[in-house]
1. Does any residue of region 165-182 turn out to be assigned by TED's automatic domain parsing to the domain that holds residue 86, on the phi > 0 side of the Ramachandran plot and in contact with a strand residue (DSSP E or B) (Cβ under 7 Å, 6 or more places away or on another chain)?
2. Does any residue of region 108-124 turn out to be assigned to a helix (DSSP H, G or I), under 19 Å from the mean Cα position of the chain (by Cα) and touching a residue at least 12 places away in the same chain (Cβ under 8 Å)?
3. Just to verify a result, which residue in region 61-101, among those that are more than 18 Å from the chain's Cα centre (by Cα) and in contact (Cβ under 8 Å) with a residue 40 or more places away in the chain, is farthest from residue 275 (Cα to Cα)?
4. So, in region 130-173, how many residues would count as being assigned to a helix (DSSP H, G or I) and closer than 18 Å to residue 96 by Cβ?
5. Here is a list of conditions, (1) part of a loop (DSSP other than H, G, I, E, B); (2) touching a strand residue (DSSP E or B) at 6+ places or on another chain (Cβ under 6 Å), and residue 239 meets all of them except one; can you say which number that is?
6. Could you say whether any residue in region 320-331 is at pLDDT below 95, surrounded by fewer than 18 Cβ atoms within 10 Å (Cβ to Cβ) and not in a helix (DSSP H, G or I)?
7. Is there any pair linking a residue in region 133-157 that is farther than 16 Å from residue 121 by Cβ to one that is assigned to a helix (DSSP H, G or I), with Cβ under 7 Å and at least six apart or on different chains, and which?
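The values are calculated or read from the model by the stated rules, or taken from the named source; none is laboratory data. It should be emphasised that the depicted structure is a prediction, and the values quoted were computed from it without experimental measurement. Heads up, the Cβs are rebuilt from the backbone with ideal geometry, glycines too, and the neighbour counts pull from every protein chain shown.
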């Protein structure tokens, strides 16, 4: 028998339904029966679970690790922030490919998690332009070769979902085409590409852009840079780190209007320090700390963020002014497209995974359900949702 939520406000990218019912069984959303008593969610908002395609960790857990169990510990922590699915971000290591980290990611993905689901790997680099490397150590960076491309695909064992690269690097054209043919979402990022270089590279297979405005040439009225080409090519979905630090809210509004609600993807780019106040931590061996809510390396360079997905939703709605259904779509349906799971995640519709979030009217997260099982809830909601199987 399905579990039914009644009298809820249901919100996804398709719109908002008042006083509505939603049912799920065996981990999937099903048509709501008319004769089954349900759990009263009057006053609550239900959305699909968030899909974070660009995160390096949180809750004290690193995704750049050689320990698969640390990735799965992050998966257990993430639902308290609204994340029900994510890509495991892997970055470079000095003078080599991150082989041990890729193996750990594969092991965690194949073991699986009943909590937030590791969907695949996001390889951020090592094919970056040194001029736009951001917080990434220059010793990690390298230029692509066909042999190394095949090595990456072999190490990922079919789990590489997203790769960030600078298309102006020698050998990048062949890399883009090979990975796109293999079903990998190719993202332009950490790039010093001119508008002309980006516009030539995107048709080769680029469909994603990593943290727009950050680690790329600024948009200039005489030199639009990569961002100008990203906006012009409708097949490209663009990330925004919605913490109000990486991109000013006014500029975020400009980007979201330029891309439109169906092409913008909200990410955290979070590090292990996310959710850990005043943390001192490492970003792949580089000492860093949180200063006034911003993650910085010892030299002051911003490195990732301390953003969580639930806070990103509030920032979009309350600061940037995005309508709630559009904001929800940017955290659910759109990233699911880039991760290759849009057929089962990101919608409140029959057949989709029962990854569900319950919010109050102020958009404070109350409970998280991962594939039909209660993964996290505030104390008062644990009793209200006692009928649900728990993780």
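1. No, region 165-182 contains no residue that is assigned by TED's automatic domain parsing to the domain that holds residue 86, on the phi > 0 side of the Ramachandran plot and in contact with a strand residue (DSSP E or B) (Cβ under 7 Å, 6 or more places away or on another chain).
2. Taking every residue of region 108-124 in turn, at least one turns out to be assigned to a helix (DSSP H, G or I), under 19 Å from the mean Cα position of the chain (by Cα) and touching a residue at least 12 places away in the same chain (Cβ under 8 Å).
3. My answer is 95.
4. Total satisfying the criteria: 15.
5. Condition not satisfied by residue 239: (1).
6. Checked against the condition, which is being at pLDDT below 95, surrounded by fewer than 18 Cβ atoms within 10 Å (Cβ to Cβ) and not in a helix (DSSP H, G or I), region 320-331 yields no hits at all.
7. So the pair list comes out as 138/130; 141/130; 144/172; 144/175; 146/174.
One line per residue, one yes/no per condition, for (1) in a strand (DSSP E or B); (2) outside the structural domain of residue 140 (by TED's automatic domain parsing); (3) at negative phi:
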position: 19; (1), (2), (3): yes, yes, no
position: 23; (1), (2), (3): yes, yes, yes
position: 37; (1), (2), (3): no, yes, yes
position: 42; (1), (2), (3): no, yes, yes
position: 54; (1), (2), (3): no, no, yes
position: 64; (1), (2), (3): no, no, yes
position: 69; (1), (2), (3): no, no, yes
position: 72; (1), (2), (3): no, no, yes
position: 80; (1), (2), (3): no, no, yes
